[in-house]
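Below is one structure, written out as structure tokens, with a few remarks after it.
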Amino acid sequence: MSDKKLKLNIVTPNRSFYDGDASAVIVKTIDGEVGILPNHQPLVSVLDIGMIDIKNDSDIKSATINMGFIQVVDNEVSIFTDSAGWPDEIDIDRAKAARERAEQRLKEKADDLDFKRAELALKRAINRIGARESL
């Protein structure tokens, strides 16, 4: 196996979330889960709401990712996302309240725009709750 590492940079509108090396990255795209190892072919894809796993040898860190884009070129992985968070940063009460609000909006079956926004809000809340409860 190669000693080569990936250079990983995760950026949100509010901060540089992660800037460092990784031996592997696993992330959810709209086409499914993608695993990236050193020497991966060039890739540009749209991210889905989900988790990202950052592997450094035997250490694995997981974080939430909320939509965005991934680009892989020459062992450099760039992720631009609406938001990212470590599980211990998640306010579980806030996430549960967001889930309840989204579920209520979905029950009301409002117009198409509100329904889609409620679906995305529910998906984000479930993702955050799952990440926090996995601690």
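The values are calculated or read from the model by the stated rules, or taken from the named source; none is laboratory data. A quick note: this is a predicted structure, and the numbers were derived from the prediction, not measured. Every residue, glycine as well, gets a Cβ built from its backbone with ideal geometry; the counts of neighbours run over all protein chains shown. Quick note on the areas: whole protein, heavy atoms, side chains included, nothing else; ligands and nucleic acids left out. Shrake-Rupley method; radii C 1.70, N 1.55, O 1.52, S 1.80 Å.
Give region 32-58 a look and list any residue that's of a type in the set (D, E) and at pLDDT below 95, or say none. Even if it seems obvious, please write down each step before you answer.
Narrowing region 32-58 to residues of a type in the set (D, E): 33, 48, 53, 57.
Of everything in region 32-58, just one residue is of a type in the set (D, E) and at pLDDT below 95, namely D57.
If I filter region 66-104 down to residues being closer than 13 Å to V25 by Cα and in a strand (DSSP E or B), which single residue comes out as most open to solvent (accessible area, probe 1.4 Å)?
Filtering region 66-104 for residues that are closer than 13 Å to V25 by Cα and in a strand (DSSP E or B), the one most open to solvent (accessible area, probe 1.4 Å) comes out as E76.
One residue stands out in region 30-57 among those that are hydrophobic (A, V, I, L, M, F, W, C) and in a loop (DSSP other than H, G, I, E, B): the one that is nearest to the chain's Cα centre (by Cα), namely I30. When the criteria are applied in full, D48 meets the requirement of being buried (at least 16 other Cβ atoms within 10 Å of the Cβ) and among the charged types (D, E, K, R).
Could you please give the count of residues in region 19-33 that are open to solvent by 30 Å² or more (accessible area, probe 1.4 Å) and β-branched (V, I, T)? Number satisfying all stated conditions: 2.
Taking the options K61, K55, K28, name whichever one is among the basic types (K, R) and over 28 Å from L122 (Cβ atoms). Please lay out each step first, then the result.
On the way: K61 fails: over 28 Å from L122 (Cβ atoms); K28 fails: over 28 Å from L122 (Cβ atoms).
Answer to the check: K55.
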